[in-house]
Amino acid sequence: MKIPRSTAWLAGLVIIWLTTSSAATTRLCVTVAAGEDDLASLNKLVLDELAHHPTHEIVESDCQSQLTVELFELRGLVHLTVRVNQEVPVRHNIEDMEGLADEISDAIGQVLAHDPVYLADDITHYSALQRAVHSILKRGNNYWRLELFQGIANGGNNVAFAPGGAISITRGADHWQVYTRIYFSGWPANAVNDDRVLRINTGADVGLTYEFSARSNITFYASSGLGLQYLRFEGRLNPADPSSLETRNDFGPTFHLRAGVRFLRFYDFDCDLFVAGYIPMFPADVDTNLGKFYPPSVQIGLGVGF
């Protein structure tokens, strides 16, 4: 099945989101000290290791933190010292130079994870989106959600129903949450007369939620996001002939909006009443004789988060 070109638009939005999020990093200056024979190799190892730490961005000036890496020999022993700012350094005795890369990786990981500038970053210069991302990543909690819902879609000649369920994981702090969700629904009975049934409606979403109250036991919320969706409709070409069954398959990116209310939030779980609308961003199946109607859909349901 060919994926529509509009999928590229969805991928582009994801890239923009990741680019925006990655801007909230600690600017890091790096100083590497070693003997003349080892300096170039040590510098390469340090820079390679720092590339695996997206929390910090290497800069030449205007830095927020200073990382110092020293390799020196004393009384026949080789010592590695790694320090961030004026914090307590991490030191290793290097007995085998073949293990130097692993020692550097371990030491840099330890000091950057405890960088006080990163842990207490001043976020006043961030945009509203960057502050929300910063709060979610550093102070957020993870929640699993299980949902049951009734799906309702345009079947062309009729309204098609498809009960189903979903599982999602969210991470949030204060008013904001990010989530990813997988859902599946369908209608088990066969099509009759000229009605169409929604045999399968399944997909995966990512999105952002805003809760109107960060602390109360009950709160309204609103969500929006993007995803991929697959719909399979079935119906008779000849309403009087059960053997004239035809199928239609639609697949592509969707935009969705969701609103609801969460309650029982003072407990180890919460309940969630919601309605979500899906707007397809893909053309109708060109190989079907079932009709080229536009298939927006709605989900109305109840969820439990824990």
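The values are calculated or read from the model by the stated rules, or taken from the named source; none is laboratory data. What you are looking at is a predicted structure, and each value in this text was computed from that prediction instead of being measured. Here Cβ is always computed from backbone atoms with ideal geometry, including for glycine, and neighbour counts include all displayed protein chains. Ligands, DNA and RNA are stripped out before the accessible areas are found, and what is left, the full protein with its side chains, is counted by its heavy atoms. Shrake-Rupley method; radii C 1.70, N 1.55, O 1.52, S 1.80 Å.
FRET efficiency for Glu98 and Ala204, Cβ-Cβ distance as r, R0 = 51 Å, nearest 0.05?
The value I calculate is 0.70.
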Note to self: If I model a spin label as a point 7 Å beyond the Cα along the Cα-Cβ vector, how far apart are those points for Tyr230 and Asp37 in nm?
What the structure shows: 6.1
Item checked: Disulfide-incompatible cysteines by the Cβ rule (no partner under 4.7 Å) in the chain -> Cys271
Margin query: Can you list residues from other chains, or at least 5 along the same chain, whose modelled amide H is less than 5 Å from the amide H of Lys292?
Written below: none
Next item on the list: Could you size up the charge dipole of segment 171-237 around its Cα centre, putting +1 on the beta carbon of Lys and Arg and -1 on that of Asp and Glu, and report it in debye to the nearest 20?
Entry: 140
Margin query: Could you give the length gained by full extension between Val275 and Glu246, i.e. 0.36 nm per residue of separation minus their alpha carbon distance, to one decimal place?
Written below: 7.4 nm
Item checked: Simple label model, 7 Å out from Cα along Cβ direction - Ala222 to Tyr294, nm -> 2.2
Next item on the list: Provide the per residue accessible area, probe 1.4 Å, for the chain, rounded to a whole number of square angstrom.
Entry: 54
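How big is the charge dipole of segment 161-306 about its Cα centre, in debye rounded to the nearest 20, if each Lys and Arg gets +1 on its Cβ and each Asp and Glu gets -1 on its Cβ?
Working: 12 positive and 14 negative charges, 56 e Å.
Once rounded to the nearest 20, the dipole reads 260 debye.
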Note to self: Treating only the Cβ of Lys, Arg, Asp and Glu as charged (+1, +1, -1, -1), what charge dipole size does the chain show about its Cα centre? Round to the nearest 20 debye.
What the structure shows: 1800
Check: If R0 is 45 Å, what FRET efficiency do you get for Gln66 and Ser213 from their C-beta distance, rounded to 0.05?
Finding: 0.60
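If r is the Cβ-Cβ distance from Asp174 to Gln150 and R0 is 35 Å, what FRET efficiency results, to the nearest 0.05?
It comes out at approximately 0.65.
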Check: Asn190 versus Asp106, label points 7 Å from Cα toward the beta carbon: distance in nm?
Finding: 6.8
Notebook entry, point to check: How much of the accessible area of segment 168-238, in percent, comes from carbon and sulfur atoms when a 1.4 Å probe is used?
Noted result: 63
Next item on the list: Tally up the carbon and sulfur contribution to the accessible surface of segment 61-118 as a whole percent, 1.4 Å probe, everything protein left in place.
Entry: 46
